[in-house]
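Accompanying notes for the structure given below.
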Amino acid sequence: MRIVSIVGARPQFIKCALVSKELRKNNQEILVHTGQHYDYELSKVFFDQLGIPSPEYNLGVGSASHGEQTGMMLVEIEKVLLDEKPDFVLVYGDTNSTLAGALASVKLHIPIGHVEAGLRSFDRSMPEEINRVLTDHASDVLFVPTKTAEGNLKTEGICTNVFLVGDVMYDVLKQSILLAEKSLILETLAVQPKDYLLATIHRPSNTDSIDNLCSILKALSSAAKKVIFPVHPRTEHFIKKHGLERRIGRNIHMIKSAGYFDFLWLEKNAEKILTDSGGIQKESYLLKVPCITLRDNTEWVETVEDGWNILVGTNKGEILDAIHHFNPVGAQRDLFGSGDASTKIVKILEDYGSDTITNHR
Ligand code: UD1
Ligand code: UDP
């Protein structure tokens, strides 16, 4: 088959790494990078570290408002699809690149596979939630990572061609952890294993609100622990624009967004992780590191149900309470499959073939 895979943002490069490798064994893959993320630390480093093939197309769309960014992607992706005439389009996750890929394909009647389908936070103020719902309803084959995701789709009437395959990020984590062990990031930052907190913040609800961001920064600054804080460019720009540097305590070590291996190693060795990222909540669970989620909801509800993730929002007191008292000990389940989701996805695509996919629309 000829398959166009569409990616554009940091977590999508990680998600596509092994699927792409597997796809290329028996099929022709055309990898399209929308250009949503373009800094070396948010894009090329993952291609280099994970051996992802260079994209056949880089659409160079860059940063803009939601409408402009998604619209520009839609125009450019449509051109690629008209030229390449693929049998199938694969999209990943829930970013604007995902939605643009799905919209361009569905309008051209090209079957779509959605990797990481069925996730719901039930919070429509998150741009990702809209992207998830619309992409799932435009897709023909839905690869769900968890039983909860499968149930969410069922509730919305999507029951055909839904495949519970596990989580592709787990595949990549499992394969990469040995390489991550070689990372010298702890030495470089002069921290000891289990003697620091790791924090990431990039959700608009946290970064685009001075109150919320300041509340999180105040909590981290008064944690009386060393905090390693790889800063997403969205957050870096907001901190600079509003002169929030002075709110950042000396215990907080801000670094650039880290490469994948360094970041995995920082996660594995952290005492606790504080984040609003989706992927990092999942990785914390897989690495058995307590996760304090700086949101009021999550699409990875199983991690909370199992007691390894706690939702604290942006309240300073709740964040500090979790930093000092959230100490999960319970057993964990195989929530995210067995690390072979990528192989399963490709096998399903090959077995079905584009013309035998039952169209559920
Ligand atoms: C996007 C996704 C989000 C995902 C995140 C992963 C959407 C709506 N959001 O959020 O779901 O969790 O990626 O990290 O698709 N910027 C740079 N350099 C870059 C990229 C971005 O400086 O290489 C800055 C720009 O100022 C830009 C801002 O970051 O305006 C936000 O980037 P954008 O891609 O719009 O959203 P993210 O917050 O990265
Ligand atoms: N990540 C990384 N370096 C960082 C922060 C995150 O390599 O400095 C990786 C992390 O290991 C995970 C993914 O990026 O695999 C999560 O992406 P992000 O938090 O940007 O997006 P989300 O998962 O919230 O969509």
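The values are calculated or read from the model by the stated rules, or taken from the named source; none is laboratory data. Fair warning: this is a prediction, and the values are worked out from it, not measured in the lab. Counting neighbours? That spans all protein chains shown, and the Cβs are built from the backbone with ideal geometry, glycine included. These area figures cover heavy atoms from the full protein model, side chains too; ligands, DNA and RNA do not enter into them. Shrake-Rupley method; radii C 1.70, N 1.55, O 1.52, S 1.80 Å.
Over the chain, with the other protein chains present, what is the accessible area per residue in square angstrom, probe 1.4 angstrom?
Values: 14710 Å² over 361 residues.
Per-residue value: 41 Å².
On alpha carbon coordinates alone, what is the Rg over Rh value for the range 1-115, Rh being the Kirkwood radius? The partial results should precede the final answer.
Working: Rg = 12.7 Å, Rh = 13.7 Å.
So for the range 1-115, dividing Rg by the Kirkwood Rh gives 0.93.
Could you check which residue among Arg247, Arg24, Arg295 shows the biggest mean-square fluctuation in a GNM of the chain with a 10 Å Cα cutoff?
Arg247
How many nm separate the modelled label positions at Gln192 and Arg234, each set 7 Å beyond the Cα in the direction of the Cβ?
3.6 nm
Out of residues 5 or more away from Ile255 or on other chains, whose amide H comes under 5 Å of its own, with H placed 1.01 Å from N in the peptide plane?
HN-HN under 5 Å from Ile255: Phe229, Val231.
With a 10 Å radius around each residue's Cβ, average the other Cβ atoms per peptide and rank 14-20, 324-330, 43-49, highest first.
Numbers: 14-20: 25.7, 324-330: 11.0, 43-49: 18.4.
Result, highest mean first: 14-20, 43-49, 324-330.
What percentage of the solvent-accessible surface of the chain, computed with a 1.4 Å probe over protein heavy atoms, is contributed by carbon and sulfur atoms? Mind dumping the intermediate values first?
On the way: 7620 of 14710 Å².
So the carbon and sulfur contribution to the accessible surface is 52 percent.
Please report, in cubic angstrom per residue, the volume enclosed by the convex hull of the alpha-carbon atoms of the chain. Please report the intermediate quantities before stating the final value.
On the way: hull volume 44.1 nm³, N = 361.
Roughly 122 Å³ of hull volume per residue.
Can you give the percent of C-alpha pairs in the range 120-253 whose distance is more than 26 Å?
Numbers: 4295 of 8911 pairs.
Looking at the range 120-253, the distances longer than 26 Å represent 48 percent of pairs.
Starting from the Cα gyration tensor of the range 183-283, multiply each eigenvalue by 5, take the square root, and state the resulting semi-axes largest first in whole Å.
Details: eigenvalues 92, 44, 30 Å².
They are 21, 15, 12 Å, listed largest first.
Among the listed pairs Lys85/Lys154; Lys25/Lys268; Lys182/Lys218; Lys268/Lys316; Lys256/Lys347; Lys288/Lys344, give every one whose C-alpha distance is greater than 29 Å.
Values: Lys85/Lys154 31 Å; Lys25/Lys268 32 Å; Lys182/Lys218 33 Å; Lys268/Lys316 25 Å; Lys256/Lys347 38 Å; Lys288/Lys344 25 Å.
Beyond 29 Å between Cα atoms: Lys85/Lys154; Lys25/Lys268; Lys182/Lys218; Lys256/Lys347.
Taking N as the number of residues in the range 290-355, what is its alpha-carbon radius of gyration divided by 2.2 N^0.38 Å? Each step should come with its number before you reach the end.
Values: Rg = 17.7 Å, N = 66, 2.2 N^0.38 = 10.8 Å.
In units of the 2.2 N^0.38 Å rule of thumb, it is 1.63.
Asn251 to Asp334: extension gain in nm, 0.36 nm per residue of separation minus the Cα-Cα distance? Don't skip to the answer; put the middle values down first.
Working: separation 83, 0.36 × 83 = 29.88 nm, distance 3.55 nm.
This chain segment gains 26.3 nm when fully extended.
Can you run phi through the Karplus equation (6.51, -1.76, 1.60; θ = phi - 60°) for the range 6-12 and list ³J(HN,Hα) in whole Hz, with x for Gly and Pro?
10, 9, x, 10, 2, x, 6
Using a basic spin-label model with each label point 7 Å from the Cα along Cα→Cβ, how many nm lie between Ser63 and Arg124?
2.9 nm
What is the Cα radius of gyration of the range 200-357 over 2.2 N^0.38 Å, N being its residue count?
With N residues counted in the range 200-357, Rg over 2.2 N^0.38 Å equals 1.18.
Find out how many positive minus negative residues lie around Glu116, taking Lys and Arg as positive, Asp and Glu as negative, among other residues whose Cβ is under 9 Å from that of Glu116. If you can, show how the numbers build up before the last one.
Working: positive: Lys15, Arg132; negative: Asp94, Asp167.
Charge balance near Glu116 sits at 0.
For Val346, what is the net charge nearby, where nearby means another residue's Cβ is under 13 Å from its Cβ and Lys, Arg count +1, Asp, Glu -1?
Values: positive: Lys21, Arg24, Lys25, Lys344, Lys347; negative: Glu22, Glu29, Asp171, Asp340, Glu350, Asp351.
Charge balance near Val346 sits at -1.
In nm, to one decimal, how far is the Asp351 label point from the Thr155 one, both placed 7 Å along Cα→Cβ?
The modelled label-to-label distance comes out at 2.8 nm.
Have a look at Ala224, Ala199, Ala138 and tell me which one the Gaussian network model of the chain (Cα, springs below 10 Å) gives the largest fluctuation.
Comparing Ala224, Ala199, Ala138 in a Gaussian network model of the chain, the most mobile one is Ala224.
How much FRET efficiency would the formula 1/(1 + (r/R0)^6) give for Lys79 and Ser54, where r is the Cβ-Cβ distance and R0 is 30 Å, rounded to 0.05? Don't skip to the answer; put the middle values down first.
Values: r = 19 Å, r/R0 = 0.64.
The formula returns an efficiency of 0.95 here.
What is the set of long-range amide H partners of Leu164 at a cut-off below 5 Å, with H atoms built 1.01 Å from backbone N?
Amide H neighbours of Leu164: Val144.
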